[in-house]
Amino acid sequence: MAINSELDFAGIQKKYLANNLVIIDSFLSTEALEALERFAHEATIWNSVKSSGDYMGAYLQDGFTPRILAQVARELETSLPLVFDHGRHSLNMAWGYKYDSYGSKQNTQKGIQLHVDSAAVNANFWLTDDDANLAGEGGGLDVFLLEPPVGTPSSVLNDENMNHTALREQLETEGEKVRVSFRKNRLVLFKSNLWHATDAALNFANGYTKRRINLTLLFGQRESSLCHPHGSFGDSVIKEKTVSDVEEEEMTRTTDLA
């Protein structure tokens with residue numbers, strides 16, 4: 001397997017369904033991790049320069065298509081069927097971001113600002129060695145357990161020019177923030193409709209192989225996983241499926257197939 005076969009897949013599913021987010025360490029097998037590292041360091045596909053931050057992107061359409069990545073996506077879908085709705089949330093986009101490095105210069109690197117992704121499930125993981133991260137417990141990802149209201153225009157969900165400071169202040173007042181520290185081979189699996197952004201504490205050592213590299217896989221369509229109209233950013237209660245709800249659906253599905 002490309003994914004670590006010793007992971008507790010049942011436990012991972014329960015945590016995701018309860019919280020819309022789960023953090024998984026030692027995500028990939030050693031062989032898969034090394035293969036993706038080689039591809040990220042050697043492939044000449046990093047052509048999308050981002051004006052809003054100190055990083056470059058590479059997408060499926062650019063040739064970001066290592067065979068092992070497709071295997072990772074397939075194994076995620078089959079190993080976590082409740083998360084990926086029995087194949088309904090299939091891979092629709094993948095990319096990698098490679099950041100510049102400033103060494104001893106503090107607070108100079110910029111990452112991705114607050115946004116939500118056009119998908120049902122987001123899988124985000126890191127390839128860079130931990131000792132390259134000079135920000136200690138920083139350098140990772142902030143995820144807010146709040147969703148935009150149903151009907152929010154898609155142009156607002158990933159807008160570099162909106163007032164990100166005001167939005168962050170409002171999110172921090174009204175909802176819970178999960179700060180995920182950077183770790184090599186750590187996967188953050190979460191509902192794509194949650195607001196999220198790169199941790200502002202971003203500082204990686206000089207050297208090509210020490211640059212921060214994160215890979216993102218998007219599964220399914222955002223519209224298929226939208227929250228209840230009255231359970232969104234600005235409301236105090238979010239209506240979500242519970243683990244027992246999903247288990248009951250599983251029993252019904254099994255009975256229907258019998």
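Taken together, the values in this text are just the output of simple stated rules run on the coordinates, not laboratory data. Keep in mind that this is a model prediction, so the values were computed, not measured. Cβ atoms come from the backbone with ideal geometry, glycine included; neighbour counts cover every protein chain shown.
Counting other Cβ atoms within 10 Å as a rough exposure proxy, the listed residues Leu146, Leu7 run Leu7, Leu146 from fewest neighbours to most. Look at Arg67, Arg222, Arg212 and count the other Cβ atoms within 10 Å of each Cβ; fewest to most, that gives Arg67, Arg222, Arg212.
Sorted fewest first by neighbouring Cβ atoms within 10 angstrom, Leu226, Leu36 come out as Leu226, Leu36. Distance between the modelled labels on Ala200 and Gln221, one decimal in nanometres: 3.7 nm (7 Å Cα→Cβ projection). Assign one of three labels to segment 1-88, namely rounded, prolate or oblate, based on the Cα gyration tensor with a ≥ b ≥ c the square roots of its eigenvalues; rounded applies when a/c is under 1.5, prolate when it is not and a/b is larger than b/c, and oblate otherwise. Here segment 1-88 falls in the prolate category.
Extension gain for Ser26-Asp100 works out to 24.1 nm (0.36 nm per residue, less the C-alpha to C-alpha distance).
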